[in-house]
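Engineer: One structure, pasted below without further comment.
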Amino acid sequence: MTSKRTLLSAMALAVALTAGMTATLDSTASAGTTLKASAAEKGRYFGAAVATGKLSDSQYVGILNREFNSVVAENEMKWDATEPQQGRFSYTGGDRLVSHARANGMSVRGHALLWHAQQPGWAQSLSGSALRNAAINHVTQVASHFRGQIHSWDVVNEAFADGGGGGRRDSNLQRTGNDWIEAAFRAARAADPGAKLCYNDYNTDGVNAKSTGVYNMVRDFKARGVPIDCVGFQSHLGTSLPGDYQANLQRFADLGVDVQITELDVMKGANQANIYAAVTRSCLAVSRCNGITVWGVRDSDSWRGTDDALLFDRSGNKKPAYTAVLNALNEGGNPPSTPPPGLPVDTSAWYLLVNRNSGKALDVYNLATNDGARISQWTRNGGANQQWQFVDSGGGYYRLKSRHSGKVLDVYNFSTSDAAAIVQWSDGNGTNQQFRLAESAGGYVRVINRNSGKAVEVQGASTSDGANVVQYTDWGGNNQQWQLIRIG
């Protein structure tokens, strides 16, 4: 360890300890050669809808693992799949997808807790308070089962009607009372406080009556404190894209929610590649657009049949649309400084902390929730156990709170020794739980403990998943430098 530390120290750039800080993506990063790599460089994910039955298809899995860093279940997490009989739950398909995602450094979108379609027969036979109680129990049970493993949940799917009215869809769920969506979101937040909670719909891609109806609901929810974090735009597109597509995303983002492209596919034809590129550029232009999910991998996997609406053809080859998306990602600008130079960190935001040496994220190991659980680095997947919020302790110091566990970073037992373990612990606001940010070159920071004065580092400059995070004398090495990437 000593020789590696000496070598890295000699290579480290000079550092300046300043009150202000810049946290941007490194402008010198090379262009990504896969969708996931390029999207990650822009602080986004690029995902695909997955049918778990195809995880035995080597070509399918090869493309999935190479190109995508987020997955969503096509059907395995819907009501009919997860609760086929009332009160009897089945998570086989969903668990298989989550396991695959975890093993391959992917985040998971949950789809969908409540929807008027694909309800089990027993739920279709219910009405009134019996259906409402069953629906809320379903939300609670499923979200609790996957707690800490889901980046974003589509809590409610397709609850607004088509046409020019902008009102709710007439469904058995709507007939239980107009507050059913609010009740679902509140139940989901209680069951999984770390997941982003989204409303998801189709034909809302431009500014129209339907999208405005959703907009008004979201605005009302935000005003009344109903827990909603994001809006999903399915974006099942034909041969054109609404001219106000980006403006529509932005108006929702201006309400204080994230936006996500959740089920993208585009009709074949001369304009397919251009539309894919335009959607990608729109997401990059809206700072609160978390990422893009395409609804399938190859054209042969698409629900749209002969529309050939995806990025890979039926033989698994990259189409011109793939190249257009990759180019749009690589040409896009880096995310804005988070926070801007000279300003304190945003204590209302959630961040990933990505190590400069390894490119891996600060991670609560194995999704632990107990006091004393170790902190490691892991391939970036955007999971709640990789998301951190800065809680102000005053005097330029912060506690770093895990979105997954609610616990904070802690130097174990108030140690002041080199190589002392960094763990998570219940928030006691002790000096061993308080850290300041010291600026390094290229938009990176060191994280310095108040009690010991030492820096948070990846032990031994490891680049492996699961490597320990410890404290060590502040020497400015790359393994002590962290990039803050705001994700919500």
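The values are calculated or read from the model by the stated rules, or taken from the named source; none is laboratory data. It should be emphasised that the depicted structure is a prediction, and the values quoted were computed from it without experimental measurement. Every residue, glycine among them, receives a Cβ derived from its backbone with ideal geometry; neighbour counts consider all protein chains shown.
Engineer: Given (1) within 27 Å of D346 (Cβ to Cβ); (2) part of a loop (DSSP other than H, G, I, E, B); (3) over 19 Å from the mean Cα position of the chain (by Cα), where does M217 come up short, assuming only one miss?
Structural biologist: Checking M217 against (1) within 27 Å of D346 (Cβ to Cβ); (2) part of a loop (DSSP other than H, G, I, E, B); (3) over 19 Å from the mean Cα position of the chain (by Cα), the one that fails is (2).
Engineer: Between a first residue in region 244-259 that is on the phi < 0 side of the Ramachandran plot and in contact (Cβ under 8 Å) with a residue 40 or more places away in the chain and a second residue that is of a type in the set (A, V, I, L, M) and part of a loop (DSSP other than H, G, I, E, B), which pairs have beta carbons less than 9 Å apart while being 6 or more apart in sequence or on different chains?
Structural biologist: Q246/V286; A247/V207; N248/V207; L249/V286; R251/V207; D258/I487
Engineer: Based on this model, can you work out whether K407 counts as surrounded by fewer than 23 Cβ atoms within 10 Å (Cβ to Cβ) and either within 25 Å of the chain's Cα centre (by Cα) or assigned by TED's automatic domain parsing to the domain that holds R102 (or both)?
Structural biologist: It is false that K407 is surrounded by fewer than 23 Cβ atoms within 10 Å (Cβ to Cβ) and either within 25 Å of the chain's Cα centre (by Cα) or assigned by TED's automatic domain parsing to the domain that holds R102 (or both).
Engineer: Could I ask something else about it? Among the listed residues V469, V445, identify the single one that is in contact with a strand residue (DSSP E or B) (Cβ under 7 Å, 6 or more places away or on another chain) and either at pLDDT 95 or above or not assigned by TED's automatic domain parsing to the domain that holds G382 (or both). Spell out how you get there, then give the answer.
Structural biologist: Numbers: V445 fails: either at pLDDT 95 or above or not assigned by TED's automatic domain parsing to the domain that holds G382 (or both).
The match here is V469.
Engineer: Let me ask something additional. Do you know which residues across region 401-433 are part of a loop (DSSP other than H, G, I, E, B) and farther than 17 Å from V470 by Cβ?
Structural biologist: R403, H404, S405, G406, K407, S426, D427, G428, N429, G430
Engineer: Could you tell me whether region 320-333 includes any residue that is modelled with pLDDT under 95, closer than 30 Å to P193 by Cβ and within 20 Å of the chain's Cα centre (by Cα)?
Structural biologist: no
Engineer: From the list G460, G476, exactly one residue is modelled with pLDDT under 90, outside the structural domain of G256 (by TED's automatic domain parsing) and not in a strand (DSSP E or B). Which is it? Even if it seems obvious, please write down each step before you answer.
Structural biologist: Numbers: G460 fails: modelled with pLDDT under 90.
The match here is G476.
Engineer: Then there's this: Quick check on my filter: what residues within region 436-486 are among the β-branched types (V, I, T) and either surrounded by fewer than 23 Cβ atoms within 10 Å (Cβ to Cβ) or more than 18 Å from A419 (Cβ to Cβ) (or both)?
Structural biologist: Matches in region 436-486: V445, I448, T463, T473, I485.
Engineer: Among the residues of region 88-105, write down those that are more than 18 Å from S56 (Cβ to Cβ) and either buried (at least 18 other Cβ atoms within 10 Å of the Cβ) or in contact (Cβ under 8 Å) with a residue 24 or more places away in the chain (or both). Don't jump to the end; show me each part of the working.
Structural biologist: Of the residues in region 88-105, the ones more than 18 Å from S56 (Cβ to Cβ) are 88-91, 102, 105.
The answer is F89, Y91, R102, G105.
Engineer: Criterion first (in the same structural domain as I150 (by TED's automatic domain parsing) and crowded, with 23+ Cβ neighbours inside 10 Å) does L241 satisfy it?
Structural biologist: Against the criterion (in the same structural domain as I150 (by TED's automatic domain parsing) and crowded, with 23+ Cβ neighbours inside 10 Å), L241 does not qualify.
Engineer: May I ask you to say which residue of S302, S315, S235 is in the same structural domain as H151 (by TED's automatic domain parsing), out of contact with any strand residue (DSSP E or B) (no Cβ under 7 Å at 6 or more places or on another chain) and free of Cβ contacts under 8 Å to residues at least 60 places away in the same chain? Give the derivation first.
Structural biologist: On the way: S302 fails: out of contact with any strand residue (DSSP E or B) (no Cβ under 7 Å at 6 or more places or on another chain); S235 fails: out of contact with any strand residue (DSSP E or B) (no Cβ under 7 Å at 6 or more places or on another chain).
Residue meeting the stated conditions: S315.
Engineer: Now for a different question. Do you know which of the residues in region 272-311 that are in a helix (DSSP H, G or I) and under 17 Å from the mean Cα position of the chain (by Cα) is farthest from S240 (Cα to Cα)?
Structural biologist: Applying the first criterion (in a helix (DSSP H, G or I)) to region 272-311 yields 272-285, 299-301, 305-307.
Now drop any that are not under 17 Å from the mean Cα position of the chain (by Cα), which leaves 280, 283-284.
Values: T280: 14, C283: 17, L284: 19 Å.
Looking at the filtered set, the residue picked out is L284.
Engineer: Residue check: is T140 surrounded by fewer than 20 Cβ atoms within 10 Å (Cβ to Cβ) and either touching a residue at least 40 places away in the same chain (Cβ under 8 Å) or not aromatic (F, W, Y) (or both)?
Structural biologist: Against the criterion (surrounded by fewer than 20 Cβ atoms within 10 Å (Cβ to Cβ) and either touching a residue at least 40 places away in the same chain (Cβ under 8 Å) or not aromatic (F, W, Y) (or both)), T140 qualifies.
Engineer: Restricting attention to region 48-74, and to residues there that are part of a helix (DSSP H, G or I) and in contact with a His (Cβ under 9 Å, 6 or more places away or on another chain), which single residue is farthest from S464 (Cα to Cα)? I'd like the intermediate steps shown before the answer.
Structural biologist: From region 48-74, those part of a helix (DSSP H, G or I) are 52-56, 58-67; that's our starting set.
Checking the rest, the ones that are also in contact with a His (Cβ under 9 Å, 6 or more places away or on another chain) come to 52, 55, 61, 64-65.
Values: T52: 28, L55: 26, V61: 23, L64: 22, N65: 18 Å.
Ranking the candidates gives T52 first.
Engineer: Hey, could you check region 334-351 for residues that are of a type in the set (S, T, Y) and at pLDDT below 65 and say which is farthest from L362 (Cα to Cα)? So that I can check it myself, show each step before the final result.
Structural biologist: Going through region 334-351, the residues of a type in the set (S, T, Y) turn out to be 337-338, 347-348, 351.
Within this subset, residues satisfying the condition of being at pLDDT below 65 are 337-338.
Numbers: S337: 20, T338: 17 Å.
Per the stated criteria, the residue is S337.
Engineer: While we're looking at this one, here's another question. Got a sec? Which strands (runs of 3 or more DSSP E) wholly within region 342-384 have at least 1 residues that are under 15 Å from the mean Cα position of the chain (by Cα), charged (D, E, K, R) and surrounded by 18 or more Cβ atoms within 10 Å (Cβ to Cβ)?
Structural biologist: 361-364
Engineer: Can you tell me which residue in region 116-137 is surrounded by the most Cβ atoms within 10 Å (Cβ to Cβ), limited to those that are among the aliphatic types (A, V, I, L, M) and touching a residue at least 12 places away in the same chain (Cβ under 8 Å)? Before the answer, list the steps.
Structural biologist: Narrowing region 116-137 to residues among the aliphatic types (A, V, I, L, M): 117, 123, 126, 130-131, 134-136.
Next, from what is left, pick out any that are touching a residue at least 12 places away in the same chain (Cβ under 8 Å): 117, 123, 126, 131, 134-136.
Details: A117: 11, A123: 19, L126: 17, L131: 19, A134: 20, A135: 23, I136: 19.
In this case the residue turns out to be A135.
Engineer: Okay, next question. (1) at negative phi; (2) out of contact with any Asp or Glu (no Cβ under 9 Å at 6 or more places or on another chain): which one isn't true of G396, the others all being true?
Structural biologist: Unmet for G396, out of (1) at negative phi; (2) out of contact with any Asp or Glu (no Cβ under 9 Å at 6 or more places or on another chain): (1).
Engineer: I'd like the full set of residues that are within 21 Å of the chain's Cα centre (by Cα) and either part of a loop (DSSP other than H, G, I, E, B) or at pLDDT below 95 (or both), limited to region 75-97.
Structural biologist: Answer for region 75-97, where residues must be within 21 Å of the chain's Cα centre (by Cα) and either part of a loop (DSSP other than H, G, I, E, B) or at pLDDT below 95 (or both): N75, E76, M77, K78.
Engineer: Name every residue in region 116-151 that is at pLDDT 95 or above and not in a helix (DSSP H, G or I), in order of residue number. Steps first, please.
Structural biologist: Going residue by residue through region 116-151, those that are at pLDDT 95 or above are 116-146.
Listed by number, the residues that qualify are H116, A117, Q118, Q119, P120, S125, L126, S127, F146.
Engineer: Which residue pairs have Cβ atoms under 6 Å apart, sit 6 or more places apart or on different chains, and have a first residue in region 204-217 that is without any contact (Cβ under 8 Å) to a residue 12 or more places away in the chain and a second that is part of a helix (DSSP H, G or I)?
Structural biologist: none
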